[in-house]
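Written out below as structure tokens is the structure these notes cover.
The values are calculated or read from the model by the stated rules, or taken from the named source; none is laboratory data. Note that the coordinates shown come from a computational prediction; the quantities given were computed from them, not determined experimentally. Neighbour counts are summed over all protein chains in view; Cβ atoms, including those assigned to glycine, are modelled from backbone coordinates with ideal geometry. SASA here: full protein model, heavy atoms, side chains in, ligands and nucleic acids out. Shrake-Rupley method; radii C 1.70, N 1.55, O 1.52, S 1.80 Å.
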Amino acid sequence: MKLHHIALAAIAAATFATQAQAAVFNGASTAGGNTFTEYTSGSALSFDLDLASQAPVTLNFTLESADFSGDAMTFNALVRNLSGLGFDGVRVTLSGITFAMPAGTLTTDGFSAVGASGHSATQAWASFVPGLSSEFYVGNPLAVAGATDWTLNLDGLQAGQQFSVTVAVPEPEAYGLAVAGLAALGFAARRRKVG
């Protein structure tokens, strides 16, 4: 009987040893009373972010050799608005790594809606209508049907390299300037096409 338990423990240990590990979390840069809790498991980088202000939170990581074998590395975060301010939007920015396709989701708890959203290789963003005063989700931290985590692209990277994920709630003026800048670029491209 005792040998049977030892054999089961060895099988379980071997199973967990072969699972892909997530990158090493090196801590976060926070300001304005913002805090975080890490829930990373396996190859899924997962966090709760409690924002007491609109200051950005930057999560820092180092890749290990185990990250390049096995499951894809994913990222998600549950972000609570503890500031008392209405958040007009969110911006998730990568440094040292890129998003893989397909894109993940940016959703809310339903008290506000996502008015618009988009992404590039290094950034994902969404605007909220009306301004969000409760919580939103980067990826799928609550395992909701239809929502998906953001997958991180490890192509061209190697063990020892560092990367970061920054979650920022832009000031309303900065967000308006970004939208105005995108509109100006679209107008210029349309004008070139017509001319």
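Miscellaneous remarks
- When residue 37 is tested against (1) among the hydroxyl-bearing types (Ser, Thr, Tyr); (2) open to solvent by 30 Å² or more (accessible area, probe 1.4 Å); (3) in contact (Cβ under 8 Å) with a residue 24 or more places away in the chain, only condition (3) is not met.
- Odd one out for residue 129 among (1) of a type in the set (Val, Ile, Thr); (2) part of a loop (DSSP other than H, G, I, E, B); (3) surrounded by 13 or more Cβ atoms within 10 Å (Cβ to Cβ): (2)
- Test for residue 16: is it open to solvent by 50 Å² or more (accessible area, probe 1.4 Å), over 13 Å from the mean Cα position of the chain (by Cα) and either modelled with pLDDT under 95 or within 27 Å of residue 129 (Cβ to Cβ) (or both): yes
- All of 145, 159 fail the test of being more than 21 Å from residue 70 (Cβ to Cβ) and part of a loop (DSSP other than H, G, I, E, B), apart from 145.
- The residue pairs whose first member lies in the stretch 145-167 and is within 17 Å of residue 120 (Cβ to Cβ), whose second member is β-branched (Val, Ile, Thr) and not in a strand (DSSP E or B), and whose beta carbons are closer than 8 Å, counting only pairs six or more residues apart or on different chains, are 152/97; 153/97; 163/97.
- First in the stretch 100-112 and more than 15 Å from residue 122 (Cβ to Cβ), second anywhere and acidic (Asp, Glu), Cβ under 6 Å, 6 or more apart: 109/135
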